[in-house]
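Visitor: Structure provided below as C-alpha cells; questions to follow.
Values in this text are rule-based calculations from the coordinates and carry no lab data. The structure presented is a predicted model; accordingly, all values stated were derived computationally and were not measured. Cβ: placed from backbone, ideal geometry, glycine included. Neighbour counts: every protein chain shown.
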Ligand code: CP
C-alpha cells in the first residue's frame, strides 16, 4: 500500500497527525541524546532514499536543517536552486514534478507562489513538502509548537501574541491555532493585516484570532510573544521605509515583553533584523528561545519526512 502523503500546510493536514508529528519529533530529539550532529540516528528510516531540496528563495535554516535531518535518518540529498533548473526556463512545473519523481523519493520546495507548490504536489508521485511560499511556512510553525511544548508543556489554551506584519509565517500560526487549540492575538497595523483565509480557518475551528491594534494591550496574559522581519523575502525593497514606519510601534523590546506573563517565551523564526522588529536585549534575554526554535526545525522536519513516507 502506498503510504505517501504531502505536507503542504498545517490547515490541510489532520490535527491528530500534526500532534503525532510533534510528539515524534520530540522523541527523536531526546533519543539522539546530544550525540554529534553528523552521527546517524539509531533507526535509519530514510536509508537508501534520495531527497531533492529545491530553493527559489534564499535560506539558511531550511536548507541546512533538511539536509542534516535527511542524513541523520540515513538518506541522501541534492540541493537545487530554482535558477539552475529548467523550472526557471520554461519547463512546466507538472513536467518537472513527473521527472523528479523518477529520480528522488521526496521533494522539499521553497518557492514564491503557492500555485507552484500545489502543482508540484498534484503531479509528483513522491511526497512534496512546503518549505515556505509567499502565503505560508508550515515547517517553521511545527518547530515553534514543538519548542513551546518542550519548554512549557502543552500549547493548548495558551495565549500567543504576534506583534508585527500579518505575513506568511503568521498565516501558519493562525492555522496552528485552529489545529492545536491555542488563542492567537494579532497585533499590527490594519494596512498589514493577515489574509482573511487564515483568520477564517482559525475561527471555523473555534479559535477566532483576536485583533488588537494596541501592542501594549495585546501583551496582557501572553504566554508566547512572536514577531518576524518587517520586510519579507517577497516584499519589494522599495516598501522598506513605509513598512518600518508602519511597524515601528510593534517592535518587541524589553518594555513590551515586560507586559507579557513573567514566564512568557519569545520566538522569532530568523533571520532577524536586530533592533528593528526586536531588540538585541530581547533576542539574547531570558525569555528568548530563538536558537532552540532554530534547532527544532531539524527535529520537527525529520518527523514530517517520516510521516510523508509512512515511516
Ligand atoms: N526561518 C527560516 O525559514 O529560515 P531560512 O529562511 O534561513 O530558511
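Visitor: May I ask you to sort 65, 238 by Cβ crowding, counting other Cβ atoms within 10 Å and putting the fewest first?
Guide: On the way: 65 23, 238 7.
By the 10 Å Cβ count, ascending: 238, 65.
Visitor: If segment 206-271 were replaced by its equivalent ellipsoid, with semi-axes equal to the square roots of 5 times the Cα gyration tensor eigenvalues, what would those be, largest first, whole Å?
Guide: 24, 13, 13
Visitor: Another question about this same structure. What shape does segment 184-311 take by its C-alpha gyration tensor, where a ≥ b ≥ c are the square roots of the eigenvalues and a/c under 1.5 counts as rounded, a/b above b/c as prolate, and the rest as oblate?
Guide: Note, shape of segment 184-311 comes out rounded.
Visitor: Can you tell me the FRET efficiency between residue 239 and residue 86 if r is taken as the Cβ-Cβ distance and R0 is 25 Å, rounded to the nearest 0.05?
Guide: Numbers: r = 31 Å, r/R0 = 1.25.
Step by step, r from the Cβ atoms, then E = 0.20.
Visitor: Using Cα pairs closer than 8 Å and at least 6 residues apart in sequence, work out the relative contact order for segment 184-259, in percent.
Guide: 35 percent
Visitor: Can you give me the relative contact order of the chain as a percent, contacts being Cα pairs under 8 Å and 6 or more apart?
Guide: On the way: 610 pairs, mean separation 64.0, N = 311.
That works out to 21 percent.
Visitor: For each of 269, 198, count neighbouring Cβ atoms within 10 Å of the residue's Cβ, then give the residues from fewest to most.
Guide: 269, 198
Visitor: Could you work out how far the C-alpha centroid of segment 143-171 sits from that of segment 23-74, in angstrom?
Guide: Here the two parts' Cα centres lie 23 Å apart.
Visitor: Separation of segment 271-308 and segment 230-248 by C-alpha centroid, Å?
Guide: Their Cα centres are 22 Å away from one another.
Visitor: May I pose another question? Along Cα→Cβ, 7 Å out, is where each label goes; now give me the distance between the ones at residue 263 and residue 17 in nm to one decimal.
Guide: Each label point lies 7 Å from its Cα, and together they span 3.4 nm.
Visitor: Give me the three principal axis extents of the chain from the C-alpha atoms, as integers in angstrom, largest value leading.
Guide: Result, largest extent first: 53, 45, 36 Å.
Visitor: Follow-up. Percent antiparallel among DSSP beta bridges with both residues in the chain, to the nearest 5?
Guide: Close to 0 percent.
Visitor: According to the Kirkwood expression over distinct Cα-Cα pairs, how big is the hydrodynamic radius of segment 1-156, in Å?
Guide: Averaging 1/r across every pair of different Cα atoms and inverting gives 16.5 Å.
Visitor: Restricting everything to alpha-carbon atoms, can you work out Rg to Rh for segment 244-295 with a Kirkwood hydrodynamic radius?
Guide: 0.95
Visitor: Where the centroid of each part is defined by its Cα atoms, how far is segment 97-111 from segment 179-223 in Å?
Guide: Going from one Cα centre to the other spans 35 Å.
Visitor: Same structure, new question: Rounded to two decimal places and with Rh computed the Kirkwood way over Cα pairs, what is Rg over Rh for segment 84-140?
Guide: Value, to two decimals: 0.94.
Visitor: Evaluate the Debye formula for segment 27-116 with equal point scatterers sitting on the alpha carbons, no solvent, and hand back log10 of I(q)/I(0) at q = 0.12, 0.14 Å⁻¹, in q order, two decimals.
Guide: Once normalised to I(0) and log-transformed, intensities are -0.43, -0.56.
Visitor: If you wrap segment 90-204's Cα atoms in a convex hull and average its projection over all directions, what's the area in nm²? Don't jump to the answer; show the numbers that get you there.
Guide: Values: hull surface 34.5 nm².
That works out to 8.6 nm².
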